[in-house]
1. Cα convex hull of the range B:219-265: mean projected area in nm², to one decimal?
2. For labels at residue A:40 and residue B:12 in the simple 7 Å Cα→Cβ model, what's the distance in nm?
3. Loop only by DSSP, 13 or fewer other Cβ within 10 Å of the Cβ. Give me the trypsin sites (Lys or Arg not before Pro) in the range A:159-240 that pass, ordered by residue number.
4. Would you kindly derive the ³J(HN,Hα) couplings of the range B:174-181 from the backbone phi angles with the Karplus curve 6.51 cos²θ - 1.76 cosθ + 1.60 (θ = phi - 60°), listing them in order in whole Hz, with x for Gly and Pro?
5. Could you tell me how far the Cα centroid of the range B:125-147 sits from the Cα centroid of the range A:50-83, in Å?
6. What FRET efficiency, computed as 1/(1 + (r/R0)^6) with R0 = 30 Å and r the Cβ-Cβ distance, is obtained for residue B:26 and residue A:241, rounded to the nearest 0.05?
7. Determine the relative contact order of the range B:77-257: mean sequence separation of Cα pairs under 8 Å and six or more apart, normalised by residue count, in whole percent.
8. Using θ = phi - 60° and the Karplus form 6.51 cos²θ - 1.76 cosθ + 1.60, what ³J(HN,Hα) does each residue of the range B:207-219 get, whole Hz, x for Gly and Pro?
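What follows is calculated from the coordinates using simple rules that are stated; it is not laboratory data. None of the values given here were measured: they were computed from a predicted structure. Backbone-built Cβ (ideal geometry, glycine too); neighbour counts: all protein chains shown.
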Amino acid sequence: MRLHPLTSLAAAGSTAVITTAAASWPVSLTVIAAAVGLSFAQGAARRMLPAAAVILVPLVLSLLALHGLFFPEGTTVLAQWGPARVTAQGLQFALERAAQLSAAVLVLLLGSFTVSVPDLVAVLSTRGVNARFAFVLASTLTLLPAISSRLERIRQAQEARGLVIRPGIPGRVAAFRWQAVPLLLSLVEEAGTRAAALQARGFGSAGPITSYRQVLDSPVQRWARVVLLLAALAAIVFRLWQPTAGA
Amino acid sequence: MSSLTLPPQTPATARNRRLLEVLGAVAIAGTYIYLVLNQPADITGGPGSASALIALSGFLVGAVLLIIGVLPTLPVSTLVLIPVALVLNIVLGQFVGSTLVPFYLDAIGTVLIAVLAGPAAGAATGALSSIIWSFFNPTVLPFAAGAALIGCLAGLAARYGLFRRFYLAPVAGFLTGIVGGVVSAPVAAFVFGGTSGLATGAIVSAFRSMGDSLLAAITKQALISDPMDKAIVFTLVAVLVYALPRRTRLQFPFVRQYRVLAGTASNHPGNQPTGHSTGQDA
C-alpha cells in the first residue's frame with residue numbers, strides 16, 4: 001500500500017526529531033540501519049544512497065578531523081603532534097554527532113525520495129496558503145533537471161562563439177557573465193509568460209480549487225500522523241525538561 | 001470591490017500577516033539570544049541535544065512563520081520568479097563552486113529576488129530555498145533562518161540604494177555576511193557540531209587548536225568565510241541585474257518605486273513615471 005505523502009513526511013520528520021532528542025548511540029545506529037533497509041525495500045536505495053554519501057562523507061570527515069585532532073576540552077590524550085592532540089573525548093564527540101546526523105539525514109532523504117511529488121502537490125494545493133508553496137515546490141523540482149541541460153547548451157553555444165575561460169578572477173567573472181546572463185534572461189522571460197498564463201487561469205484566487213488527482217487517505221493514517229507529531233513534540237519537551245540525560 | 005485574480009486584502013488579514021512576520025522574526029532572534037547565552041553549559045557535555053533541538057525548532061518555526069506571512073502577499077509575477085531563484089541558488093552555486101573559488105555561493109537567487117522584489121520577497125525566498133533544497137540535502141534545512149535574514153538584508157540594501165553604485169554592492173554584501181555568519185554559527189555549532197565542508201572545517205580547527213570554545217571558533221570561521229562569500233554573491237548579482245535589459249528590470253514595481261538601480265527612472269523621467277504601474281500585478 002502506498003502511504004499518504006503527508007504520512008511519510010511526518011514519519012521521517014518525527015523520526016529525525018526523536019533521534020536528535022534521544023542522542024544515544026544505539027538509537028542512532030538502529031535508525032541508520034532501518035533507513036538503509038527500508039530504502040532497499042522501497043527500491044529507492046540506488047538513488048538515495050549516493051545522494052546521502054555526497055552529503056555525509058565530507059560532513060563526517062570534517063567532524064572527525066575537527067574534533068579528533070582539536071578538542072581542547074578533552075582530557076584523555078591518545079596521541080599528540082604539535083598543537084594537534086587526539087583525545088578520547090574528542091573522538092567520542094565526533095562519532096556520536098556523526099551517527100546522530102547520519103541518522104537524521106538518511107531518514108529525511110528516505111522520506112523525500114520515496115514520497116510521490118505529484119501526490120504531495122495535489123494534497124498541499126487543496127489547503128489554502130499551501131497552494132502557493134506547492135507551486136514553488138513542484139516548479140522547482142521540475143525546473144532543476146531542465147535548467148542543468150540548458151546551462152550545458154548555453155556553455156556549448158558560447159564556446160562555439162569563442163568563449164575561452166581565461167585564468168585569473170576577471171577572466172572567470174567574465175566567463176560567468178557570458179553563461180549566467182543568457183540563462184537568467186531566458187528564465188525571467190519564461191517566468192513572466194508563466195505568470196500571465198497562471199493568472200489567466202485563476203492562480204492566486206481565493207475560491208475553491210478542484211483537483212483531478214485523488215490521493216488515498218485513511219483514518220488510520222490520519223491518526224498515525226497526529227500520533228507521530230505528538231511523539232516528536234513529546235521528545236522535544238522531554239529533552240528540554242532533562243537537558244543532560246543520556247548525553 | 002473584489003478582484004477576480006487576487007485574494008481579498010482586508011485590514012484584518014493584513015494585520016494577521018504582519019503579526020506572523022513579527023512573530024517569525026521574534027522566534028529567530030529569541031532562539032539566537034537563548035543559544036548564545038546558554039552555550040557554555042552544553043557544548044562540552046557531549047552531543048547535548050537540547051541546544052540542537054532549540055536551534056532547529058526555533059529557527060525553523062521562525063522561517064515557516066515568515067513564509068506563511070509573506071507568501072500570500074506576493075504578486076504572482078514575483079511568485080513565479082521564486083522557483084527560478086531556487087534553481088539559480090542550486091545550479092549556479094554548484095557551477096560557480098566548481099569553476100570559480102572555493103566558497104559556497106548558494107544565495108545568488110535569493111539576493112537576486114531581494115534586489116528585484118524587495119526584502120519580504122527576499123526573506124521568503126531564502127527560507128523557501130532552504131526548505132525545498134532539503135528535499136535533496138537535509139543539512140541545509142537548519143540554515144533556513146540565516147538564509148531568510150540574508151534575503152531580507154539584501155532587499156533592504158537594494159531599497160536604500162546600495163545597488164545604485166556598483167562599488168557599494170560588495171560592501172553591502174560584506175556587512176550582510178557578517179550578520180548572516182553570526183546568526184548561522186550557532187546552527188553549525190549545536191546542530192552539526194562543526195561545519196559540513198572540509199575547507200571551512202580546517203579554519204575551525206585552527207581556532208580550536210588555540211583553545212577557543214566550539215561556538216567561538218565557528219563564529220570566527222563564519223566571520224572569515226561569510227562576508228567574503230556574500231560580497232562575491234552581491235557583486236555577481238549586481239553584474240547580473242545590470243546585464244538584464246531595461247524592460248525586464250522595470251517589470252518589477254519594487255525596482256521602479258525605490259529606484260533600486262542606477263539610471264532606471266531618473267535618466268529618463270518621461271519614459272517611466274515611478275507611480276505608473278501597468279505591470280501584471282494590478
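1. 4.0 nm²
2. 5.7 nm
3. Listed in order of number, the matching sites are A:161, A:201, A:213.
4. Rounded to whole hertz, the list is 4, 5, 4, x, 4, 5, x, x.
5. 25 Å
6. That gives a FRET efficiency of 0.80.
7. Values: 273 pairs, mean separation 40.0, N = 181.
This gives 22 percent for the range B:77-257.
8. 5, 5, 5, 8, x, 5, 6, 4, 5, 5, 4, 5, 5
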